[in-house]
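> Provided herewith is a single structure, encoded as structure tokens, for subsequent inquiry.
The values are calculated or read from the model by the stated rules, or taken from the named source; none is laboratory data. Quick caveat, the model's predicted, so the values are computed rather than measured. Quick reminder, even Gly has a Cβ in these numbers, built from the backbone with ideal geometry, and neighbours come from all protein chains shown. Keep in mind that these areas ignore ligands, DNA and RNA; they rest on the heavy atoms of the full protein, side chains included. Shrake-Rupley method; radii C 1.70, N 1.55, O 1.52, S 1.80 Å.
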Amino acid sequence: MNNFKKIGGFFLSICLLFVLLSGEAFAASAKVSVSSASGNVGNTVTVTCSATTSGTAIGGADITLKYDPSALTVVNCSSGASGSSGSVYYSGYATSGGLTKLSFTVSFKILKAGTHSISVTSADVYDYEAASSVSTSSSGGKITGKVPTTNNNNNTNNNTNNNKPQNNKDTNNKLSALQVYPGNLSPAFSGDTTSYTVSVPGDTTEVTISATPASSKSTVSVSGGKDLKLGPNEAKVIVVSESGSSRAYTITIMCGEAEKIQIGNVEHTIDENFKDDQIPTGFSRKQVTYNNRQYEAVTNTSGSLVLMNLKSGENTSFYIYNQEAKEFYDFIQIKFAEGKYIIPLPLNKEVAEFAEYETVALQVQGKRVDAWKLDEEFSVAYVMNQDGTEVLYKYDSLDGTFQRYNDIKVEDVEQAPVEKTWFPNEYYMYAIVGLGALSFILLIAMIYFIASRKARHEGRKKKAMKRQEKQKAKEERQREKEARELEKHRQILEEEREKQRQKEEKKLAKQRAKEEKKREE
């Protein structure tokens, strides 16, 4: 009996140590947060985004921030980050194992007054040793844009100065001319009108937008007008005056006619203007071909399921797109525990087990789901889980719930005969067998950990280097794109200045000729 106690105590100590070590590993977590800032419209402010780990050293982080490009524009980013068109991307890694925090900064120029949110749309934080992601929470920040205050002269004898700021900075934030080629603005251009529509042929992929500020002291930025899709496309022209006030002109470019898709009795069109926070869990953006034209869509991790965003009236929703049959089906995502979900699919006629069963149309989340009817209460649906695996789930029509389908009955399973053992008490057998199995598993785990630690470390380094190379390539592409846009914008401004100079020279020559004529008379 004493020997049993000693053996049991030894294995119990090993088990407790294993549980403590495991608990410490599973306690690892991370938080991504963004600081806030404020300043006058036209000023540049800087915010800091930090990824902080608890319970483990940080190995790296991939973070995406979102902001309103009509209210803020990125001026500068610290190493590892780049931003444009409403998003900031960061990919960085720790150079040593003693760090618990990675940070980067982004400088924004404030384009208009108000409170503008900077949200965290995605955040992956990695453990230094295991090079695997840890549970991450996030909180965004905000930038407050203030209208610059001016002191007016209240002297009633100097009313002409009441509307002039004492700093004498120009407040004119209007355009004097706006043109789109090809196409004609509707309504006709006016500096006070900020919304326009332009119609172009369906095969147009890019338009040129020329905008001239009413004041030479104002700055103009143009976004959009490229990579046009069928249907409506949006472009913006932002004018910022010398004093910092801004005005936004919006141009809706209607490219041909939108692709029409008939689902039942309802006509839909493809809508590519969906935001990242509308993308279903487990899906990411992907270009998909429909009727020989590329569209923005989403796909799951395995790439086996494609969703396209369709619009009917004012409502938009994702639909399953069968690329082979070119057919669309209702999309429903039924979530269970964290990260676990199923998506009902059209019935697979190759499942021989249900070939003779009657089919029934279920109503789940207000949408149709086809299933095989078992009886008045239960039916079986053909679904895809979060791993991209196609499986069967049973639906309870009374409770409105799904559970994994298993048609094996208890009476079909053979019962194994119970054998007697030499142990004086069955609990001793359970304890010894359990501790022996646990000790064996622990021994294998320790051997695996020692043998693979170097491999994991090398894998982490390679992964970090790949992230860094990917980030460098992304930054290079962004710099090339910005350089091309800047050169194009500079050429347009040069052309406008040359026209203005020639016009002024003609006017001056005419004036000189008139003065010469007067002197001769």
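> Report, in debye and to the nearest 20, how large the dipole of the chain comes out about its Cα centre when Lys and Arg carry +1 and Asp and Glu carry -1 on their Cβ.
Computed charge dipole of the chain: roughly 3340 debye.
> Still on this structure, I have one more. Given H placed on each backbone N at 1.01 Å, which residues far from N43 in sequence or on other chains put an amide H within less than 5 Å of it?
Excluding prolines and chain starts, which carry no amide H, the hits are I110.
> To continue, here is another question. Among all the lysines, which ones have a C-alpha under 16 Å from K510's C-alpha, if same-chain residues fewer than 8 places away are not counted?
Here the lysines satisfying the reach criterion relative to K510 are K518.
> May I pose another question? For the charge dipole of the stretch 212-286, defined by +1 on Lys and Arg C-beta atoms and -1 on Asp and Glu C-beta atoms about the Cα centroid, which residue among I279, G244, T269 has the Cα displaced farthest towards the positive pole?
G244
> Kirkwood Rh over Cα pairs of the stretch 287-419 into Stokes-Einstein at 10 °C, 1.306 mPa s: D in µm²/s?
94
> Related question: What accessible area per residue, rounded to a whole number of Å², is obtained for the stretch 176-306 using a probe radius of 1.4 Å?
On the way: 6570 Å² over 131 residues.
That works out to 50 Å² per residue.
> What angle do you read, to the nearest 10 degrees and between 0 and 90, between the alpha-carbon axis of helix 426-520 and the longest principal axis of the chain?
So the helix axis and the longest Cα principal axis differ by about 10 degrees.
> Separate question: Any idea how many Lys pairs in the stretch 245-377 come in under 23 angstrom at the alpha carbon, given 8 or more places apart or on separate chains?
Count of close lysine pairs: 23.
> Given the whole protein assembly as supplied and a 1.4 Å probe, what does the accessible area of R404 come to in Å², nearest 10?
Surface open to solvent at R404 totals about 150 Å².
> To continue, here is another question. Quick check: Cα centre of the stretch 458-502 to Cα centre of the stretch 188-209, how many Å?
25
> Enter the Cα centre distance for the pair the stretch 95-147 and the stretch 230-252, rounded to the nearest angstrom.
Distance between centres, Cα-based: 27 Å.
> When all alpha-carbon pairs of the chain are counted, what percent fall beyond 29 Å?
Working: 95230 of 135460 pairs.
Of all Cα-Cα distances in the chain, 70 percent exceed 29 Å.
> Of Q323, V207, I492, which is farthest on the positive side of the dipole of the chain, counting Cα position, with +1 on Lys and Arg Cβ, -1 on Asp and Glu Cβ, and the Cα centre as origin?
Projecting each Cα onto the dipole axis, the largest value belongs to I492.
> Report, in debye and to the nearest 20, how large the dipole of the stretch 334-377 comes out about its Cα centre when Lys and Arg carry +1 and Asp and Glu carry -1 on their Cβ.
Here the size comes out at about 400 debye.
> Hey, if you put +1 on the Cβ of every Lys and Arg and -1 on every Asp and Glu Cβ in the chain, which of N233, I441, L185 ends up farthest toward the positive end of that dipole?
Going by the charge dipole, the pick is L185.
> Could you compute how much accessible surface K466 exposes when probed at 1.4 Å, giving the result in Å² to the nearest 10?
Accessible surface of K466 is approximately 140 Å².
> Starting from the Cα-Cα distance between K275 and H457, subtract it from 0.36 nm times their residue separation and give me the gain in nm to one decimal.
61.8 nm
> While we're on this one: Using the Kirkwood formula on the Cα atoms of the stretch 461-520, what hydrodynamic radius do you get, in angstrom to one decimal?
15.9
> Using a 1.4 Å probe and ignoring any ligands, DNA or RNA, find the accessible area of D68 and quote it in Å² to the nearest 10.
Number for this one is 60 Å².
> Sum -39500 (n - 2.57) across every DSSP H segment of at least 4 residues in the chain, then divide by the residue count to get the 222 nm mean residue ellipticity, nearest 500. All intermediate terms of the calculation are to be shown ahead of the outcome.
Details: 2 runs with 120 residues, N = 521.
When only DSSP H runs of four or more count, the value is -8500 deg cm²/dmol.
> Looking at the square roots a ≥ b ≥ c of the eigenvalues of the Cα gyration tensor of the stretch 193-265, which shape do they give, rounded for a/c under 1.5, prolate if a/b is larger than b/c, or oblate? Don't skip to the end; give the middle numbers.
Numbers: a/c = 3.75, a/b = 2.57, b/c = 1.46.
In terms of gyration-tensor shape, prolate.
> Follow-up question, since we're still on this one. For the stretch 312-359, give the magnitude of the charge dipole about the Cα centre (Cβ charges: +1 Lys/Arg, -1 Asp/Glu; no others), in debye to the nearest 20.
Computed about the Cα centre, the dipole is about 220 debye.
> Going by accessible area, probe 1.4 Å, with all protein chains left in place, what is the ranking of I238, I432, largest first? Write down the numbers at each step before the final one.
Values: I238 15, I432 70 Å².
Ranked from most to least accessible, the order is I432, I238.
> Same structure again: Can you tell me the 0 to 90 degree angle between the C-alpha axis of helix 2-26 and the longest principal axis of the chain, rounded to 10?
10
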